1. If a residue has to be farther than 30 Å from Ser178 by Cα and in contact with a Phe, Trp or Tyr (Cβ under 7 Å, 6 or more places away or on another chain) to count, how many in the range 188-236 make the cut?
2. Out of all the residues in the range 124-175, which are outside any helix (DSSP H, G or I) and among the small types (Gly, Ala, Ser)?
3. Checking the conditions here, which among Ile241, Ile248 is closer than 26 Å to Gly14 by Cβ, touching a residue at least 40 places away in the same chain (Cβ under 8 Å), open to solvent by 40 Å² or more (accessible area, probe 1.4 Å) and β-branched (Val, Ile, Thr)?
4. Working only within the range 25-43, note down all residues that are free of Cβ contacts under 8 Å to residues at least 60 places away in the same chain and open to solvent by 20 Å² or more (accessible area, probe 1.4 Å).
5. Does Ile109 qualify as being surrounded by fewer than 16 Cβ atoms within 10 Å (Cβ to Cβ), under 24 Å from Ala204 (Cα atoms) and either at pLDDT 95 or above or within 19 Å of the chain's Cα centre (by Cα) (or both)?
6. Residue by residue through the range 76-98, note down the ones that are surrounded by fewer than 23 Cβ atoms within 10 Å (Cβ to Cβ) and touching a residue at least 12 places away in the same chain (Cβ under 8 Å).
7. With the structure loaded, tell me whether Ser159 is at pLDDT 95 or above, among the small types (Gly, Ala, Ser), crowded, with 24+ Cβ neighbours inside 10 Å and under 26 Å from Glu79 (Cα atoms) or whether it fails that test.
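The values are calculated or read from the model by the stated rules, or taken from the named source; none is laboratory data. This is a predicted model, so every value here is computed, not measured. Positions of Cβ are generated from backbone atoms using ideal geometry, with glycine treated the same way; all protein chains shown enter the neighbour counts. These accessible areas exclude ligands, DNA and RNA; they are computed on the full protein's heavy atoms, side chains included. Shrake-Rupley method; radii C 1.70, N 1.55, O 1.52, S 1.80 Å.
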Amino acid sequence: MNRLKDKVVIITGGNSGIGACAAKMFAAEGAKVVISARRVEPLEEVAAEIRAAGGEVLAVPCDISDSKQCAAAVAKTVETFGTVDALVNNAGVLDSGLEGIDIVSDETIDRLIDINTKGTIYMTREVAKVLLAKKSGSIVNVASVAGHCGNGGAAYASSKAAVIGLTKNIAMRCASESVRCNVVCPGNVVTPMTTTLDPSKLDAKMMGAMRPHADLSLPFSQPEEVANLLLFLASDESSAITGQEIVIDHGANL
């Protein structure tokens, strides 16, 4: 308990899956949690659960693909709690078809890059201004094994690989000012986003190419397992760790 006592943490995509699990876990560890997402109703439901458990939370609707909304969300956080100590860039989307490079649509490319890549940059840019001014803090990005080893649709893998590169760039820029940045690359995780994929819509050739490179007999990760790692990286327990890419997949992509 109290591993994040009085820390102000922003978690994007905090209305379901990994983000909701992390928000509840962080609040239980003493953090003042700010959760953001596009869908307001489930966001408020998570906030209500946190409050009912005695935690402190602020729910801020935000579409991270809009830079102005990102700036407003960070400003609201500072207005409410006075600062930011950590950011978890968890918000992201999958493409419903895992489209290979030969069939990926402009719509899929734009949507995934706008949210997964540009959204992460927009939100981090605003939080970094606060962290660098106070010369402390932690940024934790959530990418994917798709960005680590290519197991995913072309646009999705590209969007997440960019987040891995961004992480190393941020860590390099900010190390001398005691601001850390690390990236977590989950494999398959049991969340609403992954369990609602329609197998009939998946690119069969892409799936066939991916199959030999992942051991699907191994367990899928649970949101709590990923949230535990996010908690460690956001906390002072990982104070010497920055610029690192950590895969969490039960060994499925070794």
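1. Total meeting the criteria: 3.
2. Across the range 124-175, the qualifying residues are Ser136, Gly137, Ser138, Ala143, Ser144, Gly150, Gly152, Gly153.
3. Matching residue, one of Ile241, Ile248: Ile241.
4. Result: Ala28, Gly30, Lys32, Arg38, Arg39, Val40, Glu41, Pro42.
5. No; evaluated as a whole, the condition is false for this residue.
6. Listed by number, the residues that qualify are Lys76, Val78, Thr80, Phe81, Gly82, Thr83, Val93, Leu94, Ser96, Gly97.
7. no
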